[in-house]
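The values are calculated or read from the model by the stated rules, or taken from the named source; none is laboratory data. What you see is a predicted model; the values in this text were computed from it and never measured. Ideal geometry is used to build each Cβ from the backbone, glycine not excepted, and the neighbour counts take in all protein chains shown. To get the accessible areas, we keep the full protein, side chains included, count just its heavy atoms, and leave off ligands, DNA and RNA. Shrake-Rupley method; radii C 1.70, N 1.55, O 1.52, S 1.80 Å.
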Amino acid sequence: AASAPAAAPAAAPAAAPAPAAADAAPAAAAAPEAAPAPAATPTKATPTDSKFTLPEIEPAFDEWLAAQLAASPADPKDTDEFKYITFTELPPFTDAHKSLMRKTLTPELFAQLKDVKSSTGYTLSNGIQAGVLRPHLGVGFTMGDEECFTLFKDLIFPIVSGWHQFDPATQVHKPDLNWESLAFSEEQAGKFATYVKSTRVRAARNISGLSLPAGSSVSDRLEVEKVMVEAFKSLPEELQGTYFPLGELNGAQEEELQAGGFMFQKPGPMQLLGAAGAGRSWPEGRGIFHNEAKTVLSWCNEEDQCRIIAMENGGDIKGVFERFC
């Protein structure tokens with residue numbers, strides 16, 4: 001299937017509009033960090049909580065990591081299944097660690113940022129934890145709230161520049177949600193109609209003032225859900241539909257959502273979201289919305305606070321983008 005080019009990535013704070021990426025299925029593009037993780041290495045229970053496990057990477061690194069966890073103070077964001085580690089020194093990264101975070105985070109930068117904390121309590125240690133525990137990740141840093149983009153910009157900006165070839169220090173993303181400006185010739189439309197099975201246009205959005213999934217509190221997560229449910233009620237009549245809280249699905253509803261490709265699952269421990277703490281208190285505060293025609297879909301509190309998707313069978317990408325806008 002053909003794929004429409006994605007817009008330039010946004011590097012503005014989480015509350016700023018991010019670009020929409022247009023995907024023509026079935027070969028829909030995946031977010032870089034969402035790529036399948038390598039086979040999980042064995043894990044071992046931590047001394048402090050048998051429900052939270054550390055990966056086995058290299059013996060010396062594993063010993064250091066276990067000591068860091070054992071010495072870490074309790075974090076208000078902790079759950080029985082997930083613990084945030086406070087790193088007292090720059091991690092002794094192994095050759096297996098490939099992330100841009102690892103390449104950017106020098107001893108001097110670690111010392112500069114290690115005691116910085118956002119107003120919601122998100123720290124440098126919180127942000128790098130996924131990249132420390134999961135060496136295969138390419139980015140290796142996660143945001144806990146929009147303040148992180150400013151507080152940790154000396155680390156984040158080089159990562160964004162390296163991953164997206166976009167310099168947030170000098171460039172500004174300019175979104176264009178005028179569907180009529182999409183260049184899509186009759187010849188292209190004919191080829192899409194012949195070869196494309198289905199089309200999706202999607203984007204991620206976050207709500208200013210509420211913590212992001214990797215650092216979210218229970219109250220913020222539920223507030224995000226409340227704001228989104230109210231927003232769904234205000235959609236035009238043809239986009240009106242139903243919101244399904246994940247924790248309240250019955251078997252038939254779950255089967256139907258799975259069959260339509262609408263369902264999302266709790267992130268596994270080897271995945272970015274799982275290693276970053278975005279799967280805490282699952283499935284509370286998470287849900288799926290779609291309209292009656294199943295041409296508009298939204299995920300609540302998955303990788304982002306809000307994932308918005310317009311879709312339909314066939315290759316009418318201009319029509320799908322019009323609905324998205």
Complete set of residues in region 77-115 that are more than 16 Å from Gly127 (Cβ to Cβ) and in contact (Cβ under 8 Å) with a residue 24 or more places away in the chain: Thr79, Asp80, Glu81, Pro92, Thr94, Ala96, Lys98
Neighbours by Cβ (under 8 Å, 6+ apart or cross-chain): first from region 219-239, in contact (Cβ under 8 Å) with a residue 24 or more places away in the chain; second part of a helix (DSSP H, G or I): Arg221/Pro213; Leu239/Arg323
So Lys174, is it among the charged types (D, E, K, R) and without any contact (Cβ under 8 Å) to a residue 24 or more places away in the chain: yes
Given (1) open to solvent by 20 Å² or more (accessible area, probe 1.4 Å); (2) in a loop (DSSP other than H, G, I, E, B); (3) at pLDDT 95 or above, index of the condition Ala70 fails: (2)
Cross-chain or 6+ apart pairs with Cβ under 6 Å, region 278-296 first and under 11 Å from Pro245 (Cα atoms) and in contact (Cβ under 8 Å) with a residue 40 or more places away in the chain, then open to solvent by 40 Å² or more (accessible area, probe 1.4 Å) and not in a loop (DSSP other than H, G, I, E, B): Gly285/Leu222; Gly287/Tyr243; Phe289/Tyr243
Members of region 179-207 that are closer than 29 Å to Cys300 by Cβ, open to solvent by 70 Å² or more (accessible area, probe 1.4 Å) and part of a loop (DSSP other than H, G, I, E, B): Lys197
Matching residues in region 309-325 - criterion: being part of a loop (DSSP other than H, G, I, E, B) and among the acidic types (Asp, Glu): Asp316
Flag for Glu238 being assigned to a helix (DSSP H, G or I), of a type outside the set (S, T, N, Q), closer than 23 Å to Val201 by Cα and modelled with pLDDT under 95: yes
Residue list for region 260-308, restricted to those being in a helix (DSSP H, G or I) and surrounded by 22 or more Cβ atoms within 10 Å (Cβ to Cβ): Leu272, Ala275, Ala276
Single match in Glu248, Glu237 (criterion: open to solvent by 60 Å² or more (accessible area, probe 1.4 Å), out of contact with any Pro (no Cβ under 6 Å at 6 or more places or on another chain) and within 22 Å of Glu81 (Cα to Cα)): Glu248
Boolean, Asp167 is under 28 Å from Val320 (Cα atoms), in a loop (DSSP other than H, G, I, E, B) and of a type in the set (Asp, Glu): no
Residue under evaluation Pro36, criteria (1) open to solvent by 70 Å² or more (accessible area, probe 1.4 Å); (2) at pLDDT below 95; (3) more than 19 Å from the chain's Cα centre (by Cα), criterion not met: (3)
